[in-house]
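To start, the structure itself, in structure tokens.
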Amino acid sequence: MYFLRACCHYCPCLGAADADHDPNAATRCDYSNCTLPDCFCSRDGTLIPGNMEPSQVPQMITLTFDDAVNFENWNLYKQIFTETRTNPNGCPIHGTFYISHEYNNYQYRFLDDVRKLPDVWIVNNQEVIKWMREPTPNSQLASFEPWKCQQQVAPEDKACSIPKACKLKNRMLRGDRYLHTCFECPDVYPWLKNEFGLRL
């Protein structure tokens, strides 16, 4: 068995490791050409977007789930995302779901304890990105539009408790595949270069 030793200088086993002359490195940060909301950079990695003091930065907790939302765990999510679990502005906490498999379990006590802290917000990934695009200090978050309670949720982003099971053909994977969706079944299994499952 061979072990690769970590090195912080030129290492013959890895080839050239010269950070100052790396042809694949990103270009240097140009503050005049990189501004929020579409770009932010920090030469040494210590700057906070919006030049805020650390005490003014909200502590964001993202709840992410990578398992299925189905009849087996629907009630669990209803217990986690209750109207009594709110952020400091009074709006309900949020989460992000990456759907792939079943059997999630999260500790209710952790959520109940951290939501008592005035600078902790339980938000979804999209809300974190919206904050990063428009950094807002804690003192102004009660009126921060992207985190307001009455957010418009597109119909295609809403979950359903009993999704449809679609048995679909896939040429690339050579066989049938199953897809669970809250909408109509696509013609074929969505795949690279055909993410909407259209019959081509």
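In the set Glu156, Glu127, Glu184, only one residue is exposed (fewer than 14 other Cβ atoms within 10 Å of the Cβ), assigned to a helix (DSSP H, G or I) and either out of contact with any Gly (no Cβ under 8 Å at 6 or more places or on another chain) or at pLDDT 90 or above (or both); that residue is Glu156. Contact map, region 151-176: first residue farther than 20 Å from Tyr77 by Cα and among the basic types (Lys, Arg), second residue in a loop (DSSP other than H, G, I, E, B) and modelled with pLDDT of 80 or more, Cβ cut-off under 8 Å, separation 6 or more or different chains; pairs are Lys169/Val188; Lys169/Tyr189; Arg171/Val188. Within region 89-119, the set of residues being modelled with pLDDT of 90 or more and either of a type in the set (Val, Ile, Thr) or not in a loop (DSSP other than H, G, I, E, B) (or both) comprises Pro92, Ile93. Scanning region 28-40 for residues that are in a loop (DSSP other than H, G, I, E, B) and surrounded by 10 or more Cβ atoms within 10 Å (Cβ to Cβ) gives Cys29, Cys34, Thr35, Leu36, Pro37, Cys39, Phe40. Here Arg43 clears all of (1) over 25 Å from Pro92 (Cβ atoms); (2) surrounded by fewer than 11 Cβ atoms within 10 Å (Cβ to Cβ); (3) at pLDDT 85 or above except the condition numbered (3).
The values are calculated or read from the model by the stated rules, or taken from the named source; none is laboratory data. All values derive from a computational prediction rather than experimental measurement. For neighbour counting, all protein chains shown are included, and Cβ atoms are generated from backbone atoms with ideal geometry for every residue, glycine included.
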